[in-house]
Every structure is written in C-alpha cells, then in structure tokens.
Amino acid sequence: MINLYLKYIIQFLVVVLVQVLILDNIQLNGYINPFFYVIFILLLPFETPKWLLLLTAFILGFTIDLMNSVAGMHASATVFMAFLRPSILKNISPHDCYEPATTPGIFHYGIEWFAKYATLLVLAHNIFLFYVESFSFIDFFHTMFRVILSTIVTVTIIILSQYFIFRK
C-alpha cells in the first residue's frame, strides 16, 4: 500500500516538473499550450472516491498555479475536469463495465476508448481554462481555435506517453 502511494507521489512530482520546466515554455504563437499535467487525473484508479479525486485535482492545479504565478485558473479547470470524470466514465463505459483494481489506460481498454475518454476530459479542461483566462466571449472563435489546437496536442502527447512512459 505504501508503494502505491509512493508511486502516485512520484508521478505527481514528475508530471508537475515536466509541465513547469518543459511544456510551459512551449507556446506556438499563443495558439498551442500543451497541458500534460492533466494525465495525473486521467490515470487515477476507477475506485478513487469523488472527494479524493476533487482534492487531488485541486492540489495538482494549485501547484501548477503556484509555479506559474497564476491565480487559481489551473486549479479551477482541473477541479472542473475531475468533477466531470465520473460522469464521463459512466457514459463511455465498456459493455462489461470496468475491471476492479485497474486504471484508465490504453493497455486495459484500447486506444479508441482511451482517446475518447482523454479527449472529452482534456477538451472540458481546456474550454474552462481558456475562457476563464480570456474572461470574455468577445474573441470567442479565436479562443475556441486555441482550445481545439491545444486539446489536439495535449491528447496526442498523452496517448504517446501511454506507449512510451506508462507501459504495462
């Protein structure tokens, strides 16, 4: 049990460091912002209690906010994503439901299921984050273009990481 907690603490630290030290410095003309850190919430076990899921999402987002000197934008977007996660998992569940003691991933449920799951949650996160950031609907289509491009890049990075980092 302690090994499991240690595993998640190390994953948390690695994801935050990758986001802050590498990916936050990648910005292609302000249109593409990869948010790899959301993979931590995506890969939490199915049995994670809702209160722990929301608390973990808040801590993750707040940590990113502290590193970027941003006032709560990532924390609120990550909590929103974690709030939607159980509903999305329920709506896209395979016919035989989820196996106990597994985590959402390509190797358990296939690339089609995982891509749908990751895309829906990353899209919700990015819509929330970018519209809170702009705090206006004046440039609605410009912001939506940023959301779509960032979602495509983020989901691509997350799927590639499933093959190279989070293998069985």
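The values are calculated or read from the model by the stated rules, or taken from the named source; none is laboratory data. Predicted model only: the values in this text are computed from it and were never measured. All Cβ positions, glycine included, derive from the backbone under ideal geometry; neighbour counts span all protein chains shown.
Which of the residues spanning the stretch 24-82 are assigned to a loop (DSSP other than H, G, I, E, B), more than 22 Å from HIS142 (Cβ to Cβ), free of Cβ contacts under 8 Å to residues at least 40 places away in the same chain and not small (Gly, Ala, Ser)?
First pass over the stretch 24-82, keeping only residues assigned to a loop (DSSP other than H, G, I, E, B): 26-27, 29-31, 33-35, 43-49, 69-72.
Still in the running and more than 22 Å from HIS142 (Cβ to Cβ): 43-49, 69, 71-72.
From what is left, the residues that are free of Cβ contacts under 8 Å to residues at least 40 places away in the same chain are 48-49, 69, 71-72.
The answer is THR48, PRO49.
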Report task. Would you mention how many residues in the stretch 69-95 are under 14 Å from ASP24 (Cα atoms) and surrounded by 13 or more Cβ atoms within 10 Å (Cβ to Cβ)? Result -> 2
Query raised in the report: Given the structure, is ILE127 surrounded by 14 or more Cβ atoms within 10 Å (Cβ to Cβ), in contact (Cβ under 8 Å) with a residue 12 or more places away in the chain, over 22 Å from ALA75 (Cβ atoms) and in contact with a helix residue (DSSP H, G or I) (Cβ under 6 Å, 6 or more places away or on another chain)?
Result: no
**Report entry** Search result, residues across the stretch 29-55 that are crowded, with 20+ Cβ neighbours inside 10 Å and polar (S, T, N, Q)
**Finding:** ASN33
Report task. Return the total of residues in the stretch 9-19 being more than 14 Å from MET67 (Cα to Cα), surrounded by fewer than 16 Cβ atoms within 10 Å (Cβ to Cβ) and of a type outside the set (Val, Ile, Thr). Result -> 0
Report summary line: Residue pairs within 9 Å by beta carbon, gap of at least six or interchain, first lying in the stretch 139-156 and in contact (Cβ under 8 Å) with a residue 12 or more places away in the chain and at negative phi, second part of a helix (DSSP H, G or I) and of a type in the set (Asp, Glu), listed first then second, are THR143/GLU133
Report summary line: Restricting attention to the stretch 19-45, the residues that are touching a helix residue (DSSP H, G or I) at 6+ places or on another chain (Cβ under 7 Å), hydrophobic (A, V, I, L, M, F, W, C) and at pLDDT below 90 number exactly 2
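Here is a list: GLU99, GLU112. Which entry is more than 20 Å from ASN25 (Cα to Cα), of a type in the set (Asp, Glu) and in contact with a helix residue (DSSP H, G or I) (Cβ under 9 Å, 6 or more places away or on another chain)?
On the way: GLU112 fails: in contact with a helix residue (DSSP H, G or I) (Cβ under 9 Å, 6 or more places away or on another chain).
Testing whether each residue is more than 20 Å from ASN25 (Cα to Cα), of a type in the set (Asp, Glu) and in contact with a helix residue (DSSP H, G or I) (Cβ under 9 Å, 6 or more places away or on another chain) leaves just GLU99.
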Query raised in the report: Among the residues of the stretch 84-103 satisfying the criterion of being part of a loop (DSSP other than H, G, I, E, B) and among the β-branched types (Val, Ile, Thr), which is modelled with the highest pLDDT?
Result: ILE92
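For (1) crowded, with 19+ Cβ neighbours inside 10 Å; (2) within 16 Å of VAL79 (Cβ to Cβ); (3) of a type outside the set (A, V, I, L, M, F, W, C), each residue gets a yes or a no:
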| position | (1), (2), (3) |
| --- | --- |
| TRP113 | no, no, no |
| VAL122 | yes, yes, no |
| VAL132 | no, yes, no |
| PHE137 | no, no, no |
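Is it true that TYR109 is within 16 Å of ILE158 (Cα to Cα) and crowded, with 16+ Cβ neighbours inside 10 Å?
On the way: within 16 Å of ILE158 (Cα to Cα): yes; crowded, with 16+ Cβ neighbours inside 10 Å: yes.
For TYR109, the condition - within 16 Å of ILE158 (Cα to Cα) and crowded, with 16+ Cβ neighbours inside 10 Å - is met.
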